[in-house]
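Laboratory data are not the source of any read-out in this text; all were calculated from the coordinates shown. This one's a predicted model, so the numbers in the text were calculated from it and none came from an experiment. So basically every Cβ, Gly included, is an ideal-geometry build from the backbone, and we count neighbours across all protein chains shown.
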Amino acid sequence: MKALRIVCALLLITGACLSGRALYMHAKAELAGILVRRAWQQSVQSGKAQPPWPWADTHPVARIRIQRLGYDEIVLEGASPRTLAFGPAHLLNGTAPGEPGNLVLAGHRTSWFRPLENITQGDTIQIQWFDSRRGGLQERTYTVNMISVVEPQDTALLAPTADDALTLITCYPFGRGPRSPQRYIVRASPIGPGQQLRNVTAAFNH
């Protein structure tokens, strides 16, 4: 009987520890999201890159929105494992936001890019970034023209392109399954008159 009580006590303590850790991780993620979004707002207002916390080795470089999905996230610079824990990230081997070529963004299949499971061809994607040379906050709208599942070694869609493009990549299948052996890729092309950028600094209010 004493042994049973000890086992029960240990199980209760273990459960409490696990629950406490889960709550801590959730609170940490929520706080990080607030700090990342605040850093983005400060970057836009000041025109200078602002890290979300003093020791961060990344900073916000863009904002991505997919209106039909209600999706709105801040993109961080450098798709390292540490950075991807806090948001979708810009792959440095792709072009920079606003520059000609293939802009490549990555995100986890379990969180930041999980909504891509419901994206369809024809959906529009808005990318905002700050560019002091062009007078502030810029915006470009893309339309999705291809959705593909590929093997990890198939990197053709991540390569530089002569035409401007937006490429989103995450692991596949979606969700928290133990394996994600493939890659899910969304390719979009800029739309609008002459595929021009739009200055949205005056409209930026949040």
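Please arrange 137, 92, 69, 166 by how many other C-beta atoms lie within 10 Å of their C-beta, fewest to most.
Ranking 137, 92, 69, 166 by Cβ neighbours within 10 Å, fewest first, gives 92, 69, 137, 166.
Using a 7 Å offset from the Cα along the Cα-to-Cβ direction at both residue 189 and residue 143, what is the distance between the two label points in nm, to one decimal?
My value for the distance between the label points is 0.9 nm.
Between the stretch 50-114 and the stretch 132-161, how many Å separate their Cα centres?
So the two Cα centres are separated by 12 Å.
Could you pull out every residue, at least 5 positions away or on a different chain, whose amide H is within less than 5 Å of the one on residue 109? Hs are placed 1.01 Å off N in the peptide plane, and Pro or chain starts have none.
Correct list: 171.
Once you place label points 7 Å from the Cα toward the Cβ at residue 151 and residue 34, how far apart are they in nm?
The answer from the label model is 4.7 nm.
Just to check I understand the Karplus step: with θ = phi - 60° and J = 6.51 cos²θ - 1.76 cosθ + 1.60, what whole-Hz values come out for the stretch 177-186, glycine and proline as x?
x, x, 10, 9, x, 10, 10, 9, 10, 10
Taking θ as phi - 60°, what are the ³J(HN,Hα) couplings along the stretch 81-98 by the Karplus curve (6.51, -1.76, 1.60), each to the nearest whole Hz, with x for Gly and Pro?
3J(HN,Hα) across the stretch 81-98, in whole Hz: x, 5, 5, 5, 6, 10, x, x, 9, 8, 6, 6, 7, x, 6, 7, x, x.
Between residue 120 and residue 179, what is the spin-label point distance in nm, taking each point 7 Å from the Cα along the Cα→C-beta axis?
Placing both labels 7 Å beyond Cα along the Cβ direction yields 3.1 nm.
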